[in-house]
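A short write-up of the structure that comes next.
The values are calculated or read from the model by the stated rules, or taken from the named source; none is laboratory data. Being a predicted model, the structure only gives us computed values, none of them experimental. As a convention, Cβ positions derive from the backbone with ideal geometry for all residues, glycine included, and neighbour counts pool all protein chains shown. When the accessible area is computed, the model is the full protein with side chains, heavy atoms only, and any ligands, DNA or RNA have been set aside. Shrake-Rupley method; radii C 1.70, N 1.55, O 1.52, S 1.80 Å.
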Amino acid sequence: MALWGMNASFKNREESFMTVQEPTQQQLNQERWRDVPLEFEAIVVGAGPAGLAAAYTLAKGGVKTLLIERGDFPGSKNVMGGILYSYPTHQVISDFWKEAPLERPIVEQRAWLLAEESVVTIGFKDPGFYEEPYNNFSVFRSRFDRWMANKTVEAGATLITETVVTDFLFEERADRRKVAGVVTNRDHGEIRAQVVLICEGANSILTQRLGLQEDLSPGDLAVGVKEVIALPKGAIEDRFNVEKGQGVTIELIGESTQGMFGMGWIYTNKDTLSIGVGVMINQLSRSGMNPNTVLEKMKQHPAVRPLLTGGETKEYLAKIIPEGGYHQVPKLYDHGVLICGDAAMLVNGVHREGSNLAMTSGKLAAETVIEAKKKGDFSSVTLKAYHDRLQDSFVLKDLKKYENASALFQSNPHFFTLYPKLARYSARELFTVDNVSKKDKQKKIWHEVTSRRGIWNIAGDMYRLWRTLG
Amino acid sequence: MNIAVCLKQVPDTSEVRINPKTNTLMREGIPSIINPYDVHALEEALTIRDRLGGRVTVLTMGPPQATDSLRKAISYGADHAILLTDRAFAGSDTLATSYILAGALNQLMNREPLDLILCGKQAIDGDTAQVGPGIASRLGWPLLTYVTKVDGIEPTNHVIQVQRKIEVGREVVRCQLPALITVVKEINEIRYAPLPDLIRAAHYPVEVWTNAELGLDASQLGLKGSPTWVNKIGTPPLREKGEVLAGSDVAPTEAARILADKLIPHIVVPNR
């Protein structure tokens, strides 16, 4: 029974069997949105820390901006260890702490050197960090980025989600090829703009598409896995020895990564803990271990286990972290295009910083675009200013400072295997009271240490460590 | 054909948890989506409009954040979106909700006639399947639930023919328009909005109606107008796994004997 089209003329509403009134003025106003021109000056690919900082700054600066996110909502696909730095965030959105969804201001940072059963700890606590402007916060990216995306839309940017940028539109000129927009996976998916900011995160396909970066090797990338474990607020404050609302971070080195080049972490949120490990992919694949196994072993460590007792795992997350360092940073600009954040390999692995470099790079890229708009020139001649700004900022200065760190730690496993063990041995000897004179203890420690690794080798390691990190 | 689609913004159930103490849904921090059945209702409305012309209006009742769902509906191709939001609406059960939605639809019909209202068969958070039927009965319109297919519409006679899912199979029904239809997922495949529509939808100015516009009886709204209370909510116990008699362990005749021995105590055999 083919009822459709029984009346062939029944195609438009004028001939509808129910007459439709003329639309009211209010309805006509409502219809105007259809005529919004699809013209943008800047397209930002990816609503993570870099993309949001860029889009927010651009919109505030009066640049017509389209922000394209592949997830259901900004933040839905964003993962990090869980620390947001106050200063660089404040530079993008001032006094953000007054309204942003944050977990706990961090008042104490601890570093744990883990050996089999024991731990050598150092730390710094200052209640002054519990006051404005704060130092850093534990956060959930999914909540924070959603909030920041709303601010970005309020500032005037257009946000679309569930859309993947697959390629660029180019403008071919006699002497050069300029990026002139993007292609998405949607129907009629091409959209033009003067400049595109690539903020799509690690392993950026678009950066490779432009030929600015070659395929990354497993030695340039770390994989981070993380769990969110629920605990009552009071239990967190008791176990971590802080006042109500205050937070702690712990970085764990050594046994936490089974001696591999990497780091573990535990951060306190309001009523959960973020616990995770990050390990270089090449080392992980050589060990044949699954990253979840590494995390599971760290959770079972006698120093870690009591912190987690009774907790219920609420979430598992994983992320690729670009740890290639200074030497792997691609060319950061070209005609009509800029690269920010993880896509540009802007990660300081030594200080577990990434989101602050991402936000700062996004902001500097946006400021460069605002100037380019004034000049009316989006060629690489103008956009190179972005690179110069980054070079003058802590972002490239820090990466430059640690340019050899990755090579040192990749080539010298002792920092993650032998030295934590020696630290444990020395501390244990020193703290054990057994009527042996302190002088004899020192001799014993010295003997043990030098028998495990020659004194000249140790001296060499320490010199290189100092040269690399100092 | 002017069509209205009622949408509900619901928490993404893949992430929903129930607070064991208060027996309420824990919605904090959980992303919201359009109730999936309602998206199929919208898709069907768009398909009918594309063939017969007319307008598709989407309505939702909820907090201001529900605007996101309405914009999404606009990006799929809806012509118009109305948000019903008022503190007085908060805490409405299905009785009060259908009262408010019916009131809003009546208000809409003062502006343009409606031929069809589409709803999802139920919402994935409450699973009541009462609001669609509640609206139909308040409007005095015929109701067709669990529709799997719209066979067609006979415009001259104002007749629609649909297939309904029923326990023993399918039922083909013809019905006078205007009518209210609730749909199941099998009815269609959801379209993927083209990029220009997506971008324009981001700028769509959603029309907002409060009770000032609707003028509904305050005693029938929100908590006041909701006689329902939740006594208990919980997860049903997992069904126990059935016992398996592996044929490889024993000979088939032996397996049959064991099976018969197990079954006989459960079967009431009439005395002869």
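Below is a table of values for the structure above.
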| read-out | value |
| --- | --- |
| Qualifying residue in the stretch A:272-286 (condition: open to solvent by 20 Å² or more (accessible area, probe 1.4 Å) and in a loop (DSSP other than H, G, I, E, B)) | no |
| Cross-chain or 6+ apart pairs with Cβ under 6 Å, the stretch A:119-148 first and among the small types (Gly, Ala, Ser), then at pLDDT below 90 | A:SER142/A:GLY75 |
| A:VAL433 vs. criteria in a loop (DSSP other than H, G, I, E, B) and among the hydrophobic types (A, V, I, L, M, F, W, C) | yes |
| Number of the exception - B:HIS80 against (1) in contact with a Ser or Thr (Cβ under 9 Å, 6 or more places away or on another chain); (2) more than 10 Å from chain A (Cβ to nearest Cβ) | (2) |
| Residue check, A:ASN7 modelled with pLDDT under 85 and within 14 Å of chain B (Cβ to nearest Cβ) | yes |
| Some residue of the stretch A:403-426 being surrounded by fewer than 15 Cβ atoms within 10 Å (Cβ to Cβ), of a type in the set (Ser, Thr, Tyr) and either farther than 23 Å from A:LEU252 by Cβ or in contact (Cβ under 8 Å) with a residue 40 or more places away in the chain (or both) | no |
| Count - residues of the stretch A:217-240 that are in contact (Cβ under 8 Å) with a residue 60 or more places away in the chain, of a type outside the set (Ser, Thr, Tyr) and assigned to a loop (DSSP other than H, G, I, E, B) | 1 |
| Residues located in the stretch B:214-257, provided they are in a helix (DSSP H, G or I), more than 24 Å from B:ASP93 (Cα to Cα), of a type in the set (A, V, I, L, M) and open to solvent by 50 Å² or more (accessible area, probe 1.4 Å) | B:ALA256 |
| Residues that are of a type in the set (S, T, N, Q) and open to solvent by less than 30 Å² (accessible area, probe 1.4 Å), drawn from the stretch A:225-271 | A:GLN246, A:THR249, A:SER256, A:THR257, A:THR268, A:ASN269 |
| Breaking point among (1) within 20 Å of A:ASP167 (Cα to Cα); (2) surrounded by fewer than 19 Cβ atoms within 10 Å (Cβ to Cβ); (3) of a type in the set (D, E, K, R), for A:GLU69 | (2) |
| The stretch B:132-155, subset part of a strand (DSSP E or B) and away from chain A (no Cβ under 14 Å), residue farthest from B:VAL183 (Cα to Cα) | B:LEU143 |
| Answer residue from the stretch A:296-349, given it is of a type in the set (Ser, Thr, Tyr) and free of Cβ contacts under 8 Å to residues at least 60 places away in the same chain and is surrounded by the most Cβ atoms within 10 Å (Cβ to Cβ) among those | A:TYR333 |
| Strands (runs of 3 or more DSSP E) wholly inside the stretch A:107-185 containing at least 2 residues that are within 11 Å of another protein chain (Cβ to nearest Cβ) and surrounded by 15 or more Cβ atoms within 10 Å (Cβ to Cβ) | A:158-160, A:177-184 |
| Single residue of the stretch B:156-213 satisfying the filter (within 14 Å of chain A (Cβ to nearest Cβ), touching a residue at least 60 places away in the same chain (Cβ under 8 Å) and part of a strand (DSSP E or B)) that is surrounded by the fewest Cβ atoms within 10 Å (Cβ to Cβ) | B:VAL208 |
| B:THR47 at pLDDT 90 or above, hydroxyl-bearing (Ser, Thr, Tyr), over 16 Å from B:ILE135 (Cβ atoms) and open to solvent by 40 Å² or more (accessible area, probe 1.4 Å) | yes |
| Filter result for the condition that a residue is part of a helix (DSSP H, G or I), open to solvent by less than 50 Å² (accessible area, probe 1.4 Å), among the basic types (Lys, Arg) and more than 30 Å from A:GLU227 (Cβ to Cβ), over A:LYS397, A:LYS373, A:LYS384, A:LYS363 | A:LYS363 |
| Qualifying residue in the stretch B:87-94 (condition: under 24 Å from B:VAL206 (Cα atoms), open to solvent by less than 20 Å² (accessible area, probe 1.4 Å) and either at pLDDT below 95 or touching a helix residue (DSSP H, G or I) at 6+ places or on another chain (Cβ under 6 Å) (or both)) | yes |
| Sole exception among (1) surrounded by fewer than 19 Cβ atoms within 10 Å (Cβ to Cβ); (2) of a type in the set (Gly, Ala, Ser); (3) under 24 Å from B:LEU143 (Cβ atoms) for B:ALA78, by number | (1) |
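Rundown of residues vs (1) under 29 Å from B:GLN65 (Cα atoms); (2) modelled with pLDDT of 80 or more, yes/no style:
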residue	(1), (2)
B:HIS203	yes, yes
B:GLY215	yes, yes
B:SER219	yes, yes
B:GLY222	yes, yes
B:GLY234	yes, no
B:GLU243	no, yes
